[in-house]
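Written below as structure tokens is the structure these notes are about.
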Amino acid sequence: MIQINLEQNIKLDFKSNEAYKQLRTNILFCGRDIKVVCFTSSLPNEGKSNVSFNLAVSFAESGKKVIFIDADLRRSIILGRYKPDQAVMGLTHYLSGMNSLEEVQYETNIPNLDMIFTGPVPPNPSELLGSDTFVELLHALREEYDYVIIDTPPLGSVIDSVIIAEHCDGVVLVVEANAISYKFVQKVKSQLEMGKCRILGAVLNKVDMNKEHQYYGKKYKRYEKQYYTAY
């Protein structure tokens with residue numbers, strides 16, 4: 001497996017790190033059969049990529065063997081944000097038959113964490129993600145890793161997340177506080193349910209702890225962290 005260094009590996013502060021530990025614990029309590037988990041949101045910029053990647057790091061730090069898959073084939077931010085120290089092949093290269101799994105699977109400088117990046121934007125992302133090749137990929141990675149964490153596109157924009165979620169053990173919805181309406185979130189939740197994937201819960205993100213949040217209840221006032229789980 002090719003080794004890369006993530007040059008922009010952002011260190012979390014204590015409170016944020018503890019919040020991800022809480023999220024990690026919540027997923028662990030969902031059961032041993034929950035190994036392949038995808039993350040989505042209603043709209044772009046709600047923080048799903050940060051949440052999913054940092055959760056993958058948290059699992060890796062706990063000693064679990066983890067692979068993070070960037071499956072947001074239309075508008076990925078992972079490559080630009082974490083800046084691998086060399087050019088990489090990605091998921092679209094593999095799904096289109098251009099490269100083998102070994103050529104797109106990277107070992108990172110974060111112990112226990114491997115990654116598959118997106119690759120170039122394809123003309124047919126939904127078809128690639130709905131292919132037998134993608135399903136077979138998840139089956140293979142399930143056998144090799146303790147956890148497979150997948151970042152997917154926002155479901156309020158495209159249907160890709162439902163296609164992916166159908167082959168996962170669970171899905172987590174990331175919701176930006178005070179930015180998304182209740183009805184919109186319910187609509188996205190209904191779309192996920194139609195995909196027959198177990199919804200593990202939601203992450204309430206970007207909560208401003210300098211303000212009162214009576215709507216979200218006392219649970220969120222108890223934790224002064226960047227990320228909040230809402231199971």
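No value in this document is a laboratory result; all are computed from the given coordinates. The shown structure was predicted, so the numbers you read here are calculated from the model rather than taken from an experiment. Positions of Cβ are generated from backbone atoms using ideal geometry, with glycine treated the same way; all protein chains shown enter the neighbour counts.
Once you place label points 7 Å from the Cα toward the Cβ at SER100 and ASP146, how far apart are they in nm?
Those two pseudo-labels are separated by 2.8 nm.
How high is the relative contact order of the chain? Use alpha-carbon pairs under 8 Å, at least six apart in sequence, and give a whole percent.
Relative contact order, the chain: 29 percent.
Report the Cα centroid-to-centroid distance between the stretch 3-47 and the stretch 168-186 in angstrom, as an integer.
Each part reduced to its Cα centre gives a spacing of 15 Å.
Would you mind checking LYS83/LYS183; LYS48/LYS196; LYS48/LYS183 for any pair whose Cα atoms are more than 30 angstrom apart?
LYS83/LYS183
Could you list log10 I(q)/I(0) for the stretch 1-74 at q = 0.13, 0.21, 0.28 Å⁻¹, which the Debye formula gives when each Cα is one point scatterer?
Relative scattering, expressed as log10 I(q)/I(0), comes to -0.44, -1.15, -1.56.
Radius of gyration and Dmax for the stretch 116-211's Cα atoms, expressed in Å?
My reading of the Cα-based Rg and Dmax gives 14.9, 48 Å.
Listed here are the pairs LYS15/LYS206; LYS21/LYS187; LYS21/LYS65; which of them are more than 19 Å apart at the Cα?
Pairs exceeding 19 Å: LYS21/LYS187.
Could you compute the net charge surrounding ALA60? Neighbours are other residues with a C-beta less than 13 Å from the C-beta of ALA60; K and R count +1, D and E count -1.
Within the 13 Å Cβ shell, the charges total 0.
Given 0.36 nm per residue, what is the gain on full extension from SER131 to TYR182 after removing their alpha carbon distance, in nm?
15.1 nm
In nm, to one decimal, how far is the ASP85 label point from the GLN8 one, both placed 7 Å along Cα→Cβ?
So the label points at ASP85 and GLN8 sit 1.7 nm apart.
Which entry in [x] 52, 36, 32; [y] 52, 41, 32; [z] 62, 35, 30 matches Cα extents along the principal axes in Å derived from the coordinates of this structure?
So the structure-derived entry is [x].
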